[in-house]
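Student: Structure incoming, see below.
The values are calculated or read from the model by the stated rules, or taken from the named source; none is laboratory data. On a predicted model such as this, the values are computed, not experimentally measured, just so you know. Counting neighbours? That spans all protein chains shown, and the Cβs are built from the backbone with ideal geometry, glycine included. Heads up: the accessible areas ignore ligands, DNA and RNA and are worked out on the full protein's heavy atoms, side chains in. Shrake-Rupley method; radii C 1.70, N 1.55, O 1.52, S 1.80 Å.
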Amino acid sequence: MNIPDDLAEALRNARHVAVLTGSGISAESGIPTFREAQTGLWERYDPQQLATPEAFDRDPELVWNWYTWRRELVERAEPSAGHLALVELETLVPDFTLITQNVDGLHGRAGSSRVLELHGNITRTKCSVEGVLVEKYEEDVTPPVCANCGAPLRPDVVWFGEVLPAGVMKDAASAARSCDLFLSVGTSSLVYPAAGLPYEALMHGATVVEVNPDETPLSAEAHYSLRGKAGDCLLALITTAFPS
Ligand code: OAD
């Protein structure tokens, strides 16, 4: 992969780098993306039946079991070359903000020190009424129930129609506004408010770089589009900007 000299220079000189990742970075860990033809989760399953509060009210057992399947998939997966490249990038720039739409926790497992998880984390469980995180629960009923109030437990993820965790979104937006280089990696750039972050960065004068094998709505606006897999592109970008 050929990295333009001026992009390598922009990364080398950046004081603050912000990165937004989507499910494409975990594709190389064997986790399915959402919208890709044939393999995407939303090609095979209906989000309205599985990823909304109404779906959970209607059939909590179905929703719980679907998330258990995904959680087991995530637990068996290993961080990809892309996750590991971002751990390295964090050590190479003065200020670094990692924002993800992914709920798989793989950035943290790879070793990234702080991750702004916009859509929650599938490995955490919370009470569906009190919203309180629950560490331990009996698995004799599906879904298990809250020991405190008896309400069904649910994954600590953001479903369609729900609001993103306010503090996390605020920190992400502030990083987008203050960074000088913004990387959008492995996301279709279709789901807001996350998809708005690179535009915030553009409006505030940052260099915006997209990493994706395919074109997205962001491609036309980004200063650079690196067409390839997250692992390959990020590695090429880092080794070109910071030759050892
Ligand atoms: P999508 O499935 O919409 O997009 C995945 C993107 O990853 C596509 O643009 C692919 O071209 C790209 N891709 C595939 N393999 C890749 C690779 N090896 N390296 C780099 N890119 C690759 O997934 P997201 O954009 O993450 O929200 O979806 C955003 C949100 O929609 C998700 O967080 C989820 C979903 O509904 C919630 O669940 C709230």
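Student: Strands (runs of 3 or more DSSP E) wholly in the stretch 39-143 with at least 1 residues that are more than 18 Å from the chain's Cα centre (by Cα) - which ones?
Tutor: 95-100, 120-127
Student: Give me the residue from the stretch 96-107 that is on the phi < 0 side of the Ramachandran plot and out of contact with any Pro (no Cβ under 9 Å at 6 or more places or on another chain) and, out of that set, nearest to the ligand (Cβ to nearest atom).
Tutor: Per the stated criteria, the residue is Gln101.
Student: Select from the stretch 226-244 the residues that are away from the ligand (no atom under 12 Å from the Cβ) and free of Cβ contacts under 8 Å to residues at least 24 places away in the same chain and list them in ascending order.
Tutor: Thr239, Pro243, Ser244
Student: Considering every residue within the stretch 18-31, establish whether at least one is open to solvent by 10 Å² or more (accessible area, probe 1.4 Å), modelled with pLDDT of 95 or more and part of a helix (DSSP H, G or I).
Tutor: Yes, the conditions are met somewhere in the stretch 18-31.
Student: Let me ask another. Provide a single number: the residues in the stretch 158-178 that are away from the ligand (no atom under 13 Å from the Cβ), surrounded by 13 or more Cβ atoms within 10 Å (Cβ to Cβ) and over 17 Å from Ala18 (Cα atoms).
Tutor: Selection size over the stretch 158-178: 0.
Student: Any residue that is β-branched (Val, Ile, Thr), within 12 Å of the ligand (Cβ to nearest atom) and either loosely packed, with under 14 Cβ neighbours inside 10 Å or under 18 Å from Leu89 (Cα atoms) (or both) - is there at least one of those in the stretch 211-225?
Tutor: Yes - at least one qualifying residue is present in the stretch 211-225.
Student: Quick one: would you say Pro155 is in contact with a Ser or Thr (Cβ under 7 Å, 6 or more places away or on another chain) and within 16 Å of the ligand (Cβ to nearest atom)?
Tutor: yes
Student: Can you find even one residue in the stretch 191-210 that is open to solvent by less than 50 Å² (accessible area, probe 1.4 Å), under 19 Å from Thr33 (Cβ atoms) and outside any helix (DSSP H, G or I)?
Tutor: Within the stretch 191-210, one or more residues are open to solvent by less than 50 Å² (accessible area, probe 1.4 Å), under 19 Å from Thr33 (Cβ atoms) and outside any helix (DSSP H, G or I).
Student: How many residues are surrounded by 14 or more Cβ atoms within 10 Å (Cβ to Cβ) and either of a type in the set (S, T, N, Q) or in a loop (DSSP other than H, G, I, E, B) (or both) when one looks only at the stretch 179-190?
Tutor: Total meeting the criteria: 7.
Student: For residues that are without any contact (Cβ under 8 Å) to a residue 24 or more places away in the chain and among the hydrophobic types (A, V, I, L, M, F, W, C), scanning just the stretch 56-67, find the one that is farthest from the ligand (Cβ to nearest atom).
Tutor: For the stretch 56-67, the residue satisfying everything is Leu62.
Student: Next up: For the stretch 11-52, name all the residues that are of a type in the set (Gly, Ala, Ser), within 8 Å of the ligand (Cβ to nearest atom) and without any contact (Cβ under 8 Å) to a residue 40 or more places away in the chain.
Tutor: Scanning the stretch 11-52 gives a single hit, Gly40.
Student: Across the stretch 144-157, which residue is nearest to Tyr192 (Cα to Cα) among those that are assigned to a strand (DSSP E or B) and open to solvent by less than 60 Å² (accessible area, probe 1.4 Å)?
Tutor: Val157
Student: Return only the number of the condition from (1) within 23 Å of Phe34 (Cα to Cα); (2) of a type in the set (A, V, I, L, M); (3) not in a strand (DSSP E or B) that Leu237 does not satisfy.
Tutor: For Leu237, the failing item is (1).
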